[in-house]
Structures are given as C-alpha cells and as structure tokens.
Amino acid sequence: MTNADGMRGPQSREFEPLLNLEEAAAVLGMHWKTLERMARNKKVPALKVGKRWKFRLSSLNAWLEHGLNSTTTDYAVLTGEEQHP
C-alpha cells in the first residue's frame, strides 16, 4: 500500500523470517549449544521470543562482516541496542 506521496507505509514492509537456533547454527557452521551460549552472553545478535532464541539472517551477516573488519564485536552497532550491565 502506498500513501499520497507514493511511498510505501509501514504496513507494507516485508517481514524477515527468523531462524531458530539450529538453523542459525547450521548457517554459521557451529554447534547449536555454542551459538546458544554466545546469544546468552550477547556475543552474537539474537532475539529471545518467549523461551526460544531467534536470529535474523541479515543481522548474522552484518555480525560476520563486522568481525572480518574488526577484532571486537560492537553489539550496539549491530543491534541498535545498548548493553546493560
């Protein structure tokens, strides 16, 4: 749906399917337990939906790209969230 300016509204934005823990681990080539630990420790961009971890493929890709260009992972840059102690 477009508005008067011909721009797409928020309702027309496509939803990015989320990967579950096993799918994301397979994409990254690691064991799912390792990825779960990394998600819990905020070492990888992840979302908690209920009791389950979910991952955006685009966020994982950005995380990998950032890791190739840096020796540290800046969680806030990748997720738009600040870490709280």
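The values are calculated or read from the model by the stated rules, or taken from the named source; none is laboratory data. Quick caveat, the model's predicted, so the values are computed rather than measured. Don't worry about glycine lacking a Cβ; one is built from the backbone with ideal geometry, like all the others, and counts go over all protein chains shown.
Summary table
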{"quantity": "Residue list for the stretch 32-60, restricted to those being surrounded by fewer than 18 Cβ atoms within 10 Å (Cβ to Cβ), within 14 Å of L18 (Cβ to Cβ) and either in contact with a Gly (Cβ under 9 Å, 6 or more places away or on another chain) or not aliphatic (A, V, I, L, M) (or both)", "calculated": "K48, G50, R52, K54, S58"}
{"quantity": "Count of the stretch 41-55 residues which are more than 20 Å from E65 (Cα to Cα), in contact (Cβ under 8 Å) with a residue 12 or more places away in the chain and not hydrophobic (A, V, I, L, M, F, W, C)", "calculated": "1"}
{"quantity": "Residue check, S12 touching a Leu at 6+ places or on another chain (Cβ under 9 Å) and either modelled with pLDDT under 85 or of a type outside the set (D, E) (or both)", "calculated": "no"}
